[in-house]
Structure formats: C-alpha cells, structure tokens
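A.B. asks: Got a structure here, written out as structure tokens. Questions coming.
The values are calculated or read from the model by the stated rules, or taken from the named source; none is laboratory data. Not measured: the values here are computed from a predicted model. Cβ atoms come from the backbone with ideal geometry, glycine included; neighbour counts cover every protein chain shown. The protein model used for the area step is the full one, side chains on, heavy atoms only, and it has no ligands, DNA or RNA in it. Shrake-Rupley method; radii C 1.70, N 1.55, O 1.52, S 1.80 Å.
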Amino acid sequence: MGLTFKVNGRTEHLDLEGHETLLEVLRDNLSLTGTKEGCLEGECGACTVLVNSRAVDSCIYAAMAAHDAEIETVEGLAKNGNLNSLQTAFAESGGVQCGFCTPGLLIMLTALLNKYPHPNREQVRDALSGNICRCTGYSQIEEAVETYIARISQVMR
C-alpha cells in the first residue's frame, strides 16, 4: 500500500504492508529516532508527534491514517541546527534529565502553545497528563514553559 505524507516539511512516499504504526514508519523507515518507543499502548507519551497540528500517540496511530497528512516530529522543531526557544528553555531549566520522555513532552507542549500561546500552569499540567516522566518531577518542565512564555512576551513587546 502506498503512503504519501509530509514529515518535518519533506514529502515522503513509502510502500507499506498496511499494518504498520506511525511510530514504526518514523523510526524504521525514515530513521527519525527522536520519537521514542515507550509503552506501545498510548499511555506514556514518549511517542507523541503532531499529525496536522494535533498531538497523537504514534505507537497506536495507524501509519496509513496519516496519508496526505503533515507530520511534525521532535527533529522538526530545531531549524538550521539551532534549538527552538522551547527546547532552549527546557535545557536551561533542567527540564531535560535522562531525555527519553523529552521528545514527547516537547511535541505535546508545542501543540499546547500553538493552541494557547500563554497557558497557565493548570493548562500545562493538563496537557502533560498523558506524558510520563520519571526523572524531573515536572516542576522543571513547568518552569521551562514559563521561561519560554516570558521570552516570547518580551520579543512581542
């Protein structure tokens, strides 16, 4: 079966058997290994990607359902080798510990910030409720979002 979609702005054409998940296609066919394989049940959030700007668990998302879609993975956040503002805030705040959950957290927060450019802590916590992090305790992640929002607000003045 043929699958055509855009991944991080690049059009991809793949021949698949039809049973693959989006996670498998991203990691195995396209070598986009920033998207992590965690629980394989849609519970941990490590595999979160954007499909047409909507956050999805790619481990349970049928690849063929992404036909003609625009996919963004963590690799698509950085531009020209430079981390984006949210990634930089994560690094500075200690929101990155072991790093396994970080790609999913960054993508989920990107979806949140696209919808609500200035979310409050409750909105951040709610958005991250499907992402498991065993290292940070989430406070550094919340601080990273606050740092990001403060920087964006200064730029907009």
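A.B. asks: Scan the stretch 6-30 and report the pairs whose first residue is of a type in the set (K, R) and whose second residue is modelled with pLDDT of 95 or more, with Cβ atoms within less than 7 Å and a gap of 6+ or a chain change.
C.D. replies: From the stretch 6-30, the pairs are K6/E70; K6/I71; R27/T33; R27/T35; R27/E37.
A.B. asks: Considering only the stretch 125-157, how many residues are within 19 Å of E43 (Cα to Cα), aliphatic (A, V, I, L, M) and open to solvent by 60 Å² or more (accessible area, probe 1.4 Å)?
C.D. replies: Going through the stretch 125-157 one residue at a time, the tally reaches 1.
A.B. asks: Next question. Report, by residue number, each residue of the stretch 97-156 that is of a type outside the set (A, V, I, L, M, F, W, C) and in contact with a Cys (Cβ under 7 Å, 6 or more places away or on another chain).
C.D. replies: First, pick out the residues of the stretch 97-156 that are of a type outside the set (A, V, I, L, M, F, W, C): 97, 99, 102-104, 110, 114-123, 125-126, 129-131, 134, 136-140, 142-143, 146-148, 151, 153-154.
If the condition is that a residue be of a type outside the set (A, V, I, L, M, F, W, C) and in contact with a Cys (Cβ under 7 Å, 6 or more places away or on another chain), then Q97, G104, N131 are the ones that fit.
A.B. asks: OK, next. Quick one: which residue in E122, E37 is open to solvent by 60 Å² or more (accessible area, probe 1.4 Å) and not in a helix (DSSP H, G or I)?
C.D. replies: Within the list E122, E37, the selection yields E37.
A.B. asks: Here is a further query. Quickly run through the stretch 51-97 and pick out the residues that are open to solvent by 50 Å² or more (accessible area, probe 1.4 Å), assigned to a loop (DSSP other than H, G, I, E, B) and closer than 30 Å to H19 by Cβ.
C.D. replies: N52, S53, I60, H67, D68
A.B. asks: If you scan the stretch 1-34, which residues turn out to be surrounded by 12 or more Cβ atoms within 10 Å (Cβ to Cβ), assigned to a strand (DSSP E or B) and not basic (K, R)?
C.D. replies: L3, T4, F5, V7, E12, L14, T21
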